[in-house]
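Every number in this text was worked out from the coordinates using simple rules, so none of it is lab data. In this text the structure is predicted, and so the values were computed from the model without any measurement. Cβ coordinates were reconstructed from backbone atoms using ideal geometry, including for glycine residues, and neighbour counts include every protein chain displayed.
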Amino acid sequence: MSLKKVIKMTALVLAGILLLCSCSKGNEIKEETESKEPEEDRKEELVKTLEFNGKQMSYIRFGNPEGKPFVILPGLSLKSVMGSAEAIAAAYNLMAKEHDVYLFDHIKEVKEGYSVEGMADDTLKAFELLGIKNADVMGVSMGSMVAQTMALKSPESVASLVLCSPTSDVKNSDQTTLQTWRSLAEKEDVASLMESFGEMVYSPAFYEKYKDIIIAGGEGTSKQDLSNFIHLIDAIKEFDVHERLNEIKCPVFVLGAGEDKVLGAEAALAIAERLQCEYYIYEGYGHGVYDEAPDYLSRIKAFLDK
């Protein structure tokens, strides 16, 4: 199997700053246009868009339509994850056999003043429009913040939580990495942003192996992408629900990394200790453990099967 296919078949699309193999060529920052590259029929079937309250939110749906809803909320992204719909469906085939799987993107145009609570409200609105209830919700990094907020705001919508490389408190933690990424985005220095992302998220061995692909993942970035990214960082910088965690009553499974350089190695354990819930900490891995650990999805599946 080619390296390109290996990358496309993994959950790298959830890492945030998308390692898309189908990205357009050229490092220049492009103005947003209405044109798009031809999409394969399969992608057209998977990707749908909701419109509400003057906003647009795209989502992917696949798997068993008669199964229990399993919702994936991805991490901070420089570009939309919708371009990797087929890769996501392939990577989460283990879940698709028994679950009705959804993955929700952030809204198309993120404006100044947006918040994690706003993200949760928008996702809950999407739940309402699609008739999703009592879902197992998996939140990755930023998605974990949205998932926790959803469980607090609408307990009937969330049957269980899987929190991947999570935190319950960004506001009172070290924000150095986030501030570095924000600064590079403001400068439109996409190559340096991708390089910093790879270095901070992945283990040295993984980063060196896929460095060229990681950096190339920023190609084709638009000004709207950069604006969205900056406003999303500003949103999560104010996130703090740690003192309210005891209000979450559904089963929770926390998956953290012992060397998380983005949200802090102790952040996941702090949630698990506060909730007295099931957890697993991967020692020797960084924030992007969800891309590197070979047993990651099988652990999640085992939790959901209980």
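Observations on the structure shown:
- Taking 0.36 nm per residue of separation and subtracting the current Cα-Cα distance, fully stretching the chain between Thr180 and Lys306 would add 41.3 nm.
- Cross-link partners of Lys187 among aspartates and glutamates, defined as those whose alpha carbon lies under 20 angstrom from its own and excluding same-chain residues fewer than eight positions apart: Glu28, Glu31, Glu32, Glu109, Glu112, Glu195, Glu199, Glu219, Asp225, Asp234.
- Restriction of the trypsin sites (Lys or Arg not before Pro) in the stretch 155-191 to DSSP coil positions whose beta-carbon has at most 11 other beta-carbons within 10 angstrom yields Lys187.
- Mean projected area in nm² (Cα convex hull; one quarter of hull surface) for the chain: 14.4 nm²
- Applying a threshold of 27 Å to the alpha-carbon distances of Lys79/Lys211; Lys68/Lys211; Lys108/Lys237; Lys211/Lys261; Lys48/Lys261 flags Lys68/Lys211; Lys48/Lys261 as lying beyond it.
- Restricting the calculation to Cα atoms, the stretch 179-247 shows an Rg/Rh of 1.09 when the hydrodynamic-style radius is the Kirkwood one.
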